[in-house]
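Derivation of every value follows stated rules applied to the coordinates shown; laboratory data play no part. Bear in mind that the values here come from a model prediction, so they are computed numbers and not experimental data. Here Cβ is always computed from backbone atoms with ideal geometry, including for glycine, and neighbour counts include all displayed protein chains.
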Amino acid sequence: MASGVVVDDGVVTAYNEIKVHHAGEVVADRYKLILFRLSDDDKFIIVDEEKSVRMREIESVDDVFSMLMKQFPKEDCRYALYDCSYRNKDTEKADLVFILWVPDEAPIKKKMLYASSKGALRKKLQGLKIEWQVNDLSDVKDSSALIEKLGSRGSIKELEGKTV
């Protein structure tokens, strides 16, 4: 069921910025995590600039995954794009992970609105291979659930430069 919520043009702009690596761009200015939220009137999906994270903000962070997951509000829903860097047995990889954050503590009306608006957002964000729905803080206390989404547990050796 569609909710009637409209995806703001800024969302598409941010998506294009995170997915395309431009020659000569300053890496520190790239997004690492973009959070999207509903506008205050619940009519638009917009970029949550306050909680989105750029590469320069994680340069000196030891546990990047944990730091990024702390950006999600405990009692409200969000959508996110996470530019995930990992290493399997042979190569370094990077994938965009679409996250639907619907914590158990969020109001039921918000949960339903986010779930019913996801389709409109996904239509604008073409080409995403990995989707991860998170409903509880315990799902993100460590990287194991994400590693399962990326590939078999034994094949992923590093996540964000940290051995798993």
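Partners of K43 within straight-line reach, counting aspartates and glutamates whose Cα lies under 19 Å from its Cα and excluding those fewer than 8 residues away in the same chain: D8, D9, D76.
Treating the angle as unsigned and between 0 and 90°, give the value, to the nearest 10°, between the Cα long axis of helix 108-124 and the longest Cα principal axis of the chain. Approximately 70 degrees, to the nearest ten.
Taking every DSSP beta bridge that has both ends in the stretch 6-163, the antiparallel portion is near 75%. Between the entries [x] 29, 17, 16; [y] 26, 19, 15; [z] 30, 23, 11, the label attached to semi-axes √(5λ) of the Cα gyration tensor in Å calculated for this structure is [y]. Simple point charges give the picture: +1 on the Cβ of Lys and Arg, -1 on the Cβ of Asp and Glu, and for the stretch 1-93 a dipole about the Cα centre of about 380 debye. Length available on full extension from E75 to T163: 0.36 nm per residue minus the Cα-Cα distance, which gives 28.6 nm.
Only one residue of I130, V102, L81 has its Cα farthest out toward the positive end of the dipole of the chain, where Lys and Arg carry +1 and Asp and Glu -1 on Cβ, and that residue is I130. The angle between the Cα long axis of helix 9-19 and the longest principal axis of the Cα atoms of the chain comes to about 10 degrees, rounded to the nearest 10.
Look at the Cα gyration tensor of the stretch 22-78: its axes a ≥ b ≥ c give a/c of at least 1.5 with a/b at or below b/c, and that counts as oblate. Across the cross-link table entries K93/K141; K89/K111; K19/K74, which are compared at the Cα atoms, the separations over 32 Å belong to K89/K111. At a Förster radius of 30 Å, what calculated FRET efficiency corresponds to the Cβ-Cβ distance of E50 and V6, to the nearest 0.05? In this case the efficiency is close to 0.90.
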